[in-house]
Structure formats: C-alpha cells, structure tokens
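I have placed the structure first, in the form of structure tokens, so that the comments after it can refer back to it.
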Amino acid sequence: MSAAPQPRTVTDARELLDLAELTDIVFYETYARRTSDGEDNPLAIQIALRREELVLEIRCRATVAGAGGEYLTDASAVFTLHEPIEAPDTVVAEFVERVGVMSVYPYLRESITQSAAKLGLDRPILKLLRPGDVHVTPDIQDPRVAG
C-alpha cells in the first residue's frame, strides 16, 4: 500500500488561486427590521475561515444600520481545492483578503439592498471594496464557522 501523496506547498496567494475553484455561496442568516431610533451604524464585516483538506470557506457577517433600518447578512464563499495544499497562514490570509471576501461581498450587498427594498426603506449604499481595504490576521481560522 502506498503512502498518501504529500500536500503541495503553496508559497503565494496567486498560486493558491490557481488551485481553488469557487463552488458555492452559502447564506447562513439574513435579517432586516425597521427601527425608529434613526441611528446610523456604518458597515461592519466579521470574517471567519473554515479550512479543510480540500475546502476553504470564507464566511462574512455584515451589519449596517441607517435610514430607518437595521440589516444583517451572514454568508460564505466556498472554494474547493484541486489537491491538498500546505500553505503558511500569511498566504491563506492574503487569499482571504484578496479573493475570498471579494467573492462573497457582492452577495452581502445584494442581500442588504433587497432587504431594505422589501421593507420599503431607502436602500443603504454599501461602498465598493478595493484591494487593500480588507485586512485579516493570521489567526483567522475558526472551527465553529460551519456550526
């Protein structure tokens, strides 16, 4: 019986991108409600990562309030890897920042916009994310992300 092949060593985010395929967008929670306090809270995004042998799941929980509404959307981008990899946390963090969050963000924006429209409220305009806008730390892995 032969030993399992060694994981491929990945040294940069571009190389990781070549080995990954976006295979799903998963919504965990959407929430919207009218508010009377009129308090504006800017967009805030919490990011978590689930990392398995052939899967990277970047989960983003976005909250924003204003114009009479309060909104939350929790969704993730699921990437399937073509082969097992070995990559430093810094490489994975760069992938999360430059690819993962950018992949799920349009779905967060659309969900929040549609929620406001369903409530008959002015839709919050969520800014575009540009390279360098998102920064994560190497300890982003959270085994509870899929829970």
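The values are calculated or read from the model by the stated rules, or taken from the named source; none is laboratory data. Values in this document were obtained by computation on a predicted structure and should not be read as measured data. All Cβ positions, even for glycine, are placed from backbone atoms using ideal geometry, and neighbour counts span all protein chains on display.
Brief remarks follow.
- If you go through the stretch 106-117 and keep only what is more than 15 Å from the chain's Cα centre (by Cα) and under 16 Å from Glu29 (Cβ atoms), you end up with Gln114, Ser115.
- Verdict on Val64 being at pLDDT below 90 and either of a type in the set (A, V, I, L, M, F, W, C) or assigned to a strand (DSSP E or B) (or both): no
- Exclusive hit being hydroxyl-bearing (Ser, Thr, Tyr), more than 30 Å from Asp122 (Cα to Cα) and in contact (Cβ under 8 Å) with a residue 12 or more places away in the chain, set Thr35, Thr63, Thr9, Thr30: Thr9
- Test set (1) within 14 Å of the chain's Cα centre (by Cα); (2) more than 16 Å from Arg109 (Cβ to Cβ) - Glu52 fails condition number: (1)
- Count of the stretch 26-36 residues, restricted to those that are farther than 17 Å from Tyr105 by Cβ, of a type in the set (S, T, N, Q) and not in a loop (DSSP other than H, G, I, E, B), is 0.
- Test result for Ile112, outside any helix (DSSP H, G or I), at negative phi and either surrounded by 13 or more Cβ atoms within 10 Å (Cβ to Cβ) or among the hydroxyl-bearing types (Ser, Thr, Tyr) (or both): no
- Ser76 being in a strand (DSSP E or B), of a type outside the set (Asp, Glu), out of contact with any Leu (no Cβ under 6 Å at 6 or more places or on another chain) and at pLDDT 95 or above: yes
- When each of Thr11, Thr23 is tested for being in a strand (DSSP E or B) and surrounded by fewer than 17 Cβ atoms within 10 Å (Cβ to Cβ), the lone residue that passes is Thr23.
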